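Here is the structure we will look at, set down as C-alpha cells.
Read-outs throughout are calculated quantities, based only on the coordinates presented, and are distinct from any laboratory measurement. Everything numeric here is computed off the predicted structure, so don't read it as measured data. Every residue, glycine among them, receives a Cβ derived from its backbone with ideal geometry; neighbour counts consider all protein chains shown.
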Amino acid sequence: IGNWQVFSKTDTKTGISPKSFTFKQTQCDYKEYEGAYPEASSRILDDEDLYTDPDSLDYMRNEIYARHGYSFSNIKWASTFGDED
C-alpha cells in the first residue's frame, strides 16, 4: 500500500495528480520437478551436465531463478517465464 505525490509544484500545472495504489502479495508455489532443467535446482551439476551450448546454459541458470519466483527485469526472460507456473 502506498501513495505517490507530485514531485514539485510545477507538476500540478501539467494536471498530474497524486495517486494511491495497493499491491497484492502473491505466494510463489515452488515446482521442484518442472521445467526443462529441474535437476539444476535439486543437485550439484557436474561437468557432463554443463557441456552444452551457451544459450542452454543461460536458460538453465534463469530457470533456477524463475523456479524460485524471481521477477525478471530483462524483457526476454520476463516473457519466457512470465506465463509459466
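Taking the stretch 40-69 on its own, how many of its residues are farther than 22 Å from ASP29 by Cα and part of a helix (DSSP H, G or I)?
Matching residues across the stretch 40-69 total 9.
Can you tell me which residue within the stretch 46-85, out of those that are in contact with a helix residue (DSSP H, G or I) (Cβ under 6 Å, 6 or more places away or on another chain) and touching a residue at least 12 places away in the same chain (Cβ under 8 Å), is surrounded by the fewest Cβ atoms within 10 Å (Cβ to Cβ)? Can you show your working first?
Residues of the stretch 46-85 in contact with a helix residue (DSSP H, G or I) (Cβ under 6 Å, 6 or more places away or on another chain): 60, 62, 64, 66-67, 72, 77, 81.
In the following step, the residues that additionally are touching a residue at least 12 places away in the same chain (Cβ under 8 Å) were identified as 60, 62, 64, 66-67, 77, 81.
On the way: MET60: 19, ASN62: 17, ILE64: 14, ALA66: 22, ARG67: 21, TRP77: 19, PHE81: 20.
Only one residue fits best here, namely ILE64.
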